[in-house]
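The values are calculated or read from the model by the stated rules, or taken from the named source; none is laboratory data. In this text, all values refer to a predicted model and were calculated from it rather than measured experimentally. All Cβ positions, glycine included, derive from the backbone under ideal geometry; neighbour counts span all protein chains shown. Only protein heavy atoms, including side chains, enter the accessible area calculation; ligands, DNA and RNA are left aside. Shrake-Rupley method; radii C 1.70, N 1.55, O 1.52, S 1.80 Å.
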Amino acid sequence: MSATTLIVTGKAKRARGGMTKKRGIDWLMLALVVIGAVLVVAPFYLVIVNSFKSPTDYATSGPLALPHELDFTGIVKFWERVDFPQKVWNSILISGAVAVLAVVISMLNAFAIGIGRVRGRTWIVLLFLLANLLPQEALLYPLYYMFKSVGLYDNVLSVIIIFTVIQAAFGTYLLSSVYGTFPKEVLEAASLDGASRWQILWRVVFPISRPTLSVLLIFFFIWTWNEFLIPLTFLASNDNQTVPVAISVLQGDRLMDVTTTSASALLGIIPTLIFFLIFQRTLTRGITAGAVK
Amino acid sequence: MSSATRSGRTALPPEEPLIPQRRGGTGAYWLYLLPGFALLLIVVIVPLLWNVYLTFTKWKGVRTPEFIGLENWQKLFTDEDFWTSFQNSVWMIIAMVVVPTIVGLIVAALLFDVIGRKFGGKVGSFLRATYYLPQILPIAVAGIVIGWIVRPGKDGALNQILSWFGMPAYDWLGQMPSALIVLMVVMVWVQLGYPVVVFMAALQRVDPELYEAAELDGANWFQRFSAITMSIIRPEIFVVTLTCTIAALKVFGPVYIITRGGPAGSTLVPAFYAYQEFFTKRNVGYGATIATVLTIVVVIVSIVFIRVQNSIERKERAGL
């Protein structure tokens with residue numbers, strides 16, 4: 001992707017110039033940006049530190065101090081109360097299914113729009129884009145009613161179907177313009193060799209665009225993982241809830257002490273931190289993919 | 001949070017399909033659109049039209065909707081809560097668009113221009129990643145983190161910190177200006193990383209020689225920033241402001257978790273208002289009306305943004 005190339009050339013240029021002399025003002029600027037960064041991570045620090053304290057430790061030493069001794073009661077209490085592994089599994093199942101299905105649908109759509117150049121494609125792309133921009137509230141009640149009447153309410157399938165469409169709408173928009181500039185020679189060569197459209201899609205277009213598709217896959221997975229409104233509305237029973245919904249539902253529980261609340265936040269953050277560490281580069285590339293095309 | 005896209009660039013040149021034709025026309029490609037379209041129809045188009053129809057009805061969600069004409073729409077104009085909710089959207093735009101874009105621009109410029117150049121790219125990327133971290137946190141979890149920090153009474157983290165300075169505990173979410181301010185601070189925290197990352201990527205396009213030339217001509221940092229940086233990364237500023245404005249108009253999660261629209265409706269936003277009408281008050285018709293207005297506003301904002309961007313780009317190309 002062009003974004004990566006740009007980053008590489010940028011680095012090379014800077015390296016040639018070497019590091020220039022640091023002046024006082026530079027250190028001041030660094031200090032400012034570092035203070036900002038510390039403020040950004042401060043809530044993460046608070047959550048991590050307080051998840052391992054006992055309520056008495058919290059009351060005496062306060063929220064900023066490190067725990068006197070590691071205490072896992074908050075975490076264990078929350079883990080058991082919400083059956084955390086079950087929630088993580090629900091989230092993985094929903095987000096994984098959505099990511100794969102939405103990438104496939106986006107690819108089929110973009111193949112017709114970007115490579116097939118079907119008539120009226122500008123309008124089709126706009127229609128898909130609109131589906132992604134819409135506030136979900138404008139679909140919420142009819143969807144709620146529809147899924148209830150076909151017996152899919154409180155079933156992970158309902159959430160999977162809805163997000164497949166919403167994410168694929170964005171994927172169609174992005175992939176259509178990527179496929180619109182697909183190297184024509186490659187397609188022509190495949191066609192001369194007698195490949196059908198279907199074969200060209202799976203044997204030529206799919207492998208070549210795999211890097212873009214994997215960025216989309218990761219984004220769809222994380223976006224779906226983070227979704228709140230629709231899972232909140234559609235997944236009523238405890239067994240079907242996702243991680244964010246399960247954590248938020250428990251907030252109304254007055255029995256939760258401060259350290260348990262903190263532990264619940266920690267358990268909600270951990271999957272995110274794992275994604276972040278694994279996909280940091282892909283994430284940065286993905287966000288800039290559209291903008292730096 | 002939607003990834004950055006340069007909206008308005010959807011038009012493809014009027015060309016033939018990229019694969020040479022042997023049989024059928026472009027018509028055969030419609031088959032590939034079939035699954036996507038069928039799903040779009042069921043999940044987006046039908047519910048959207050249905051929702052518009054519901055705005056003309058009174059419905060509790062059971063039995064058949066009762067047609068009442070424009071009653072919901074008339075109610076909307078005199079409904080103070082409705083106007084408050086859109087007023088709060090303006091506050092959300094300040095917190096999610098204005099502040100993050102300006103601060104993000106400064107942070108990105110500092111990271112790229114000062115820290116990246118003088119302290120090495122590694123320091124720059126590490127700090128960039130730090131700023132980006134809250135962006136991938138589920139908004140529900142972000143809300144819980146902050147909700148816990150601003151808990152009322154002495155066991156809230158913020159109040160405990162205040163107590164070290166001898167300040168009394170404060171009920172942050174229980175009173176009017178502070179509840180909205182907390183919400184806004186949370187949104188700044190969540191949003192800031194997005195413009196930082198996008199703008200830093202954009203800055204890679206700036207030719208360092210341009211800067212050096214300007215430096216030799218005696219331009220100071222601010223002059224270089226406004227003359228070179230700003231003009232080069234303008235497309236990204238458009239993308240960030242558009243996507244964040246839409247997100248600000250649609251914001252739901254943090255309001256649901258942190259304030260539930262309270263105290264006394266003072267942090268109400270349209271999305272949460274519609275949700276309340278649907279599921280708490282069971283006024284489905286009225287909820288649908290609010291959701292429809294929100295949709296119209298989002299669509300208008302998008303169109304205006306794209307138009308303005310296109311006209312600026314056209315002028316620029318004509319000027320060159």
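Please give the number of the condition A:PHE182 fails out of (1) open to solvent by less than 40 Å² (accessible area, probe 1.4 Å); (2) in a helix (DSSP H, G or I); (3) in contact (Cβ under 8 Å) with a residue 12 or more places away in the chain.
Of (1) open to solvent by less than 40 Å² (accessible area, probe 1.4 Å); (2) in a helix (DSSP H, G or I); (3) in contact (Cβ under 8 Å) with a residue 12 or more places away in the chain, only one is false for A:PHE182: (2).
Kindly indicate the residue of the range B:174-187 that is open to solvent by less than 40 Å² (accessible area, probe 1.4 Å) and hydrophobic (A, V, I, L, M, F, W, C) and also farthest from the other protein chains (Cβ to nearest Cβ) among those meeting that condition.
Looking at residues that are open to solvent by less than 40 Å² (accessible area, probe 1.4 Å) and hydrophobic (A, V, I, L, M, F, W, C), I get B:LEU180.
Could you check how many residues of the range B:121-174 are among the hydroxyl-bearing types (Ser, Thr, Tyr) and outside any helix (DSSP H, G or I)? Give the derivation first.
As a first pass, look at the range B:121-174 and keep what is among the hydroxyl-bearing types (Ser, Thr, Tyr): B:125, B:130-132, B:163, B:170.
Keeping just the survivors that are outside any helix (DSSP H, G or I) gives B:170.
Total satisfying the criteria: 1.
So A:SER149 clears everything in (1) open to solvent by 10 Å² or more (accessible area, probe 1.4 Å); (2) touching a residue at least 24 places away in the same chain (Cβ under 8 Å); (3) not β-branched (Val, Ile, Thr) except one condition, right? Which one?
With (1) open to solvent by 10 Å² or more (accessible area, probe 1.4 Å); (2) touching a residue at least 24 places away in the same chain (Cβ under 8 Å); (3) not β-branched (Val, Ile, Thr) applied to A:SER149, the lone miss is (2).
May I ask you to list pairs of residues, at least six apart or on different chains, whose Cβ atoms are under 6 Å apart, with the first in the range A:75-91 being more than 15 Å from A:ILE270 (Cα to Cα) and the second being part of a helix (DSSP H, G or I)?
Close Cβ pairs (under 6 Å, with a partner that is part of a helix (DSSP H, G or I)) amount to A:LYS77/A:THR260; A:VAL82/A:ALA246.
Conditions tested, residue by residue: (1) at pLDDT 85 or above; (2) exposed (fewer than 15 other Cβ atoms within 10 Å of the Cβ); (3) farther than 21 Å from B:THR84 by Cα.
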position: B:ALA201; (1), (2), (3): yes, no, yes
position: B:THR229; (1), (2), (3): no, no, yes
position: B:CYS244; (1), (2), (3): yes, no, no
position: B:LEU249; (1), (2), (3): yes, no, no
position: B:THR259; (1), (2), (3): yes, no, no
position: B:ALA264; (1), (2), (3): yes, yes, no
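Kindly provide the set of residues from the range B:43-95 that are charged (D, E, K, R), under 30 Å from B:VAL182 (Cβ atoms) and in contact (Cβ under 8 Å) with a residue 60 or more places away in the chain, ordered by number. Before the answer, list the steps.
Initial filter on the range B:43-95 (charged (D, E, K, R)): B:58, B:60, B:63, B:66, B:71, B:75, B:79-81.
Within this subset, residues satisfying the condition of being under 30 Å from B:VAL182 (Cβ atoms) are B:79-81.
Correct list: B:ASP81 only.
Kindly state which helices (runs of 4 or more DSSP H) lie completely within the range B:1-119 and contain at least 2 residues that are charged (D, E, K, R), open to solvent by 10 Å² or more (accessible area, probe 1.4 Å) and modelled with pLDDT of 85 or more. Steps first, answer last, please.
On the way: elements: B:30-40, B:46-54, B:71-78, B:80-93, B:99-109, B:116-119.
Helices (runs of 4 or more DSSP H) meeting the threshold: B:71-78, B:80-93.
What pairs come up if the first residue lies in the range A:32-56 and is in contact (Cβ under 8 Å) with a residue 40 or more places away in the chain and open to solvent by less than 40 Å² (accessible area, probe 1.4 Å), the second is among the aromatic types (Phe, Trp, Tyr) and assigned to a helix (DSSP H, G or I), and their beta carbons are under 8 Å apart, counting only those six or more places apart or on different chains?
Matching pairs, first to second residue: A:VAL47/B:TRP148; A:ASN50/A:TYR58.
Would you confirm, using the coordinates I've provided, whether A:THR164 is among the polar types (S, T, N, Q) and at pLDDT 95 or above? Walk me through it before giving the result.
Details: among the polar types (S, T, N, Q): yes; at pLDDT 95 or above: yes.
It is true that A:THR164 is among the polar types (S, T, N, Q) and at pLDDT 95 or above.
Can you tell me which residues in the range A:268-288 are open to solvent by less than 10 Å² (accessible area, probe 1.4 Å), in contact with a Phe, Trp or Tyr (Cβ under 9 Å, 6 or more places away or on another chain) and either more than 7 Å from chain B (Cβ to nearest Cβ) or modelled with pLDDT under 80 (or both)? Walk me through it before giving the result.
Here is the first cut: in the range A:268-288, the ones open to solvent by less than 10 Å² (accessible area, probe 1.4 Å) are A:268-269, A:272, A:283, A:286-288.
Of the ones still in play, those that are also in contact with a Phe, Trp or Tyr (Cβ under 9 Å, 6 or more places away or on another chain) are A:269, A:272, A:283, A:286-287.
Hits for the range A:268-288 are A:LEU283, A:GLY286, A:ILE287.
Of all the helices (runs of 4 or more DSSP H) wholly in the range A:185-258, which have at least 2 residues that are crowded, with 23+ Cβ neighbours inside 10 Å? Spell out the reasoning first.
Numbers: elements: A:197-200, A:210-226, A:229-234, A:243-250.
Filter on the range A:185-258 gives A:210-226, A:229-234, A:243-250.
Sort out which residues of the range A:152-179 are free of Cβ contacts under 8 Å to residues at least 40 places away in the same chain and more than 8 Å from chain B (Cβ to nearest Cβ), and write them in order of number.
Result: A:LEU152, A:LEU157.
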